[in-house]
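A.B. asks: Could you have a look at this structure, given as structure tokens, before my questions?
The values are calculated or read from the model by the stated rules, or taken from the named source; none is laboratory data. Treat the numbers as computed from the prediction; the structure is a model and nothing was measured. Heads up, the Cβs are rebuilt from the backbone with ideal geometry, glycines too, and the neighbour counts pull from every protein chain shown.
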Amino acid sequence: MNAETPVEAIPTADDRKIGPVLMEMKHITLRFGGVKAITDISFDIREGEIRSIIGPNGAGKSSMLNVISGFYVPQEGEVWFRGARRPQMKPYQVARQGIARTFQNIALFDGMSVLDNIMTGRLTLMKTGLAAQSLWWGKAQREETEHREKVEKIIDFLEIQAIRKTPVGRLPYGLKKRVELARALAAEPMLLLLDEPMAGMNVEEKEDMCRFILDVNDEFGTTICLIEHDMGVVMDLSDRVVVMDYGKKIGDGTPDEVRGNQAVIDAYLGVAHD
Ligand SMILES: Nc1ncnc2c1ncn2[C@@H]1O[C@H](COP(=O)(O)OP(=O)(O)O)[C@@H](O)[C@H]1O
Ligand SMILES: [Mg+2]
């Protein structure tokens, strides 16, 4: 995308505001040795939308999220972010650009409290290094207070005040996933990547997580790219959906468009998965 790219809002059923293109994947191909995980996939993510990636197991969804997060470098294709082609970057550099993620398998520090786990999400934003902290501890202390305040806000928002001192290892699954979301939000991301945030949850936990995802999108204006298996959830949450199968893109559009796409029905909706 460049300055001349026309920017038109996508009309959606509930008329939520969707902005210009934030991220654009252009002809991405990713191989692991002989295995092609992603074959020539292009799609974009617009500011303010909830963009879902769906598809059967092994379709390449997590791989795609890992390309967006800078964890995998595709052999072919270009990643564009905020109007510029992104050079090859380390994941921490991508994080500094305002992209945060959660993982398909929970990646928290079990022995640490909820609060401290969420604080680690602020690391990419901390300006004062260790050396500077010992020299100018006044400044470092001010920074620390600011970080704590932001984190407390997120804790309130996600309704986890009661467990803020609890070691994460003791929490039930659904709450761990919520702490993971809190940690990702602590980085104040522009784009939030969620890899199956509701996998393994019971109905009530799923409903909670759905509500929090919608609230984050609504209240913080965070753009969200989400991988999810539960079709009901995907159809309810998403503004637009990318459908992958065997590493290829077989559908792209609003939930209604995707639902009516025969290739999608054949490849995904019609077959049992998981
Ligand atoms: N690190 C890896 N090394 C080798 N093959 C991988 C790796 N990650 C994923 N794959 C392969 O790439 C394909 C897509 O996997 P993945 O992106 O995890 O799919 P999904 O998330 O849709 O289930 C699969 O065939 C998988 O075995
Ligand atoms: Mg996956």
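A.B. asks: Taking MET23, is it away from ligand 1 (no atom under 16 Å from the Cβ), hydrophobic (A, V, I, L, M, F, W, C) and surrounded by fewer than 22 Cβ atoms within 10 Å (Cβ to Cβ)?
C.D. replies: The answer is no for MET23.
A.B. asks: How many residues are part of a loop (DSSP other than H, G, I, E, B), among the hydroxyl-bearing types (Ser, Thr, Tyr) and modelled with pLDDT of 85 or more when one looks only at the range 105-147?
C.D. replies: The qualifying residues number 0.
A.B. asks: So, in the range 187-230, exactly how many residues are within 20 Å of GLY55 (Cβ to Cβ) and surrounded by fewer than 16 Cβ atoms within 10 Å (Cβ to Cβ)?
C.D. replies: Result for the range 187-230: 1.
A.B. asks: Mind checking which pairs have a first residue in the range 55-67 that is more than 20 Å from TRP80 (Cβ to Cβ) and a second that is more than 6 Å from ligand 1 (Cβ to nearest atom) and of a type in the set (D, E, K, R), Cβ under 6 Å, 6 or more apart or different chains?
C.D. replies: GLY55/ASP245; ALA59/ASP245; SER62/ASP195
A.B. asks: As an exercise: evaluate GLY70 against (1) out of contact with any Asp or Glu (no Cβ under 8 Å at 6 or more places or on another chain); (2) under 19 Å from VAL233 (Cβ atoms) and give the number of the one condition it does not meet.
C.D. replies: Here GLY70 meets the rest and fails (2).
A.B. asks: Next question, about the same structure. Determine which member of the set ALA100, ALA95 is under 29 Å from THR166 (Cβ atoms), in a strand (DSSP E or B), more than 16 Å from ligand 2 (Cβ to nearest atom) and touching a residue at least 24 places away in the same chain (Cβ under 8 Å).
C.D. replies: Going through ALA100, ALA95 in turn, just one is under 29 Å from THR166 (Cβ atoms), in a strand (DSSP E or B), more than 16 Å from ligand 2 (Cβ to nearest atom) and touching a residue at least 24 places away in the same chain (Cβ under 8 Å): ALA100.
A.B. asks: Of the conditions (1) within 16 Å of ligand 1 (Cβ to nearest atom); (2) in a loop (DSSP other than H, G, I, E, B), LEU30 clears all except one; give me its number.
C.D. replies: Single failed check for LEU30: (2).
A.B. asks: Would you confirm, using the coordinates I've provided, whether SER52 is under 19 Å from the mean Cα position of the chain (by Cα) and in a helix (DSSP H, G or I)?
C.D. replies: When the stated conditions are applied, SER52 does not pass them.
A.B. asks: If you don't mind, another one. Within the range 26-55, track down each residue that is β-branched (Val, Ile, Thr), under 15 Å from TYR72 (Cβ atoms) and buried (at least 22 other Cβ atoms within 10 Å of the Cβ).
C.D. replies: ILE28, ILE38, ILE41, ILE53
A.B. asks: Looking at VAL79, VAL73, VAL35, VAL94, which one is near ligand 1 (Cβ under 10 Å from one of its atoms) and over 20 Å from GLU257 (Cβ atoms)?
C.D. replies: VAL35
A.B. asks: Of (1) under 25 Å from ILE68 (Cβ atoms); (2) free of Cβ contacts under 8 Å to residues at least 24 places away in the same chain; (3) basic (Lys, Arg), ARG170 satisfies all except one. Which?
C.D. replies: Of the numbered conditions (1) under 25 Å from ILE68 (Cβ atoms); (2) free of Cβ contacts under 8 Å to residues at least 24 places away in the same chain; (3) basic (Lys, Arg), the odd one out for ARG170 is (1).
A.B. asks: Give the range 219-236 a look and list any residue that's part of a loop (DSSP other than H, G, I, E, B) and modelled with pLDDT of 95 or more, or say none.
C.D. replies: Answer for the range 219-236, where residues must be part of a loop (DSSP other than H, G, I, E, B) and modelled with pLDDT of 95 or more: just THR222.
A.B. asks: Moving on to the next point. From the residues in the range 242-255 that are within 16 Å of ligand 2 (Cβ to nearest atom) and touching a helix residue (DSSP H, G or I) at 6+ places or on another chain (Cβ under 7 Å), which one is farthest from LEU193 (Cα to Cα)?
C.D. replies: So, considering only residues that are within 16 Å of ligand 2 (Cβ to nearest atom) and touching a helix residue (DSSP H, G or I) at 6+ places or on another chain (Cβ under 7 Å), the one farthest from LEU193 (Cα to Cα) is ASP245.
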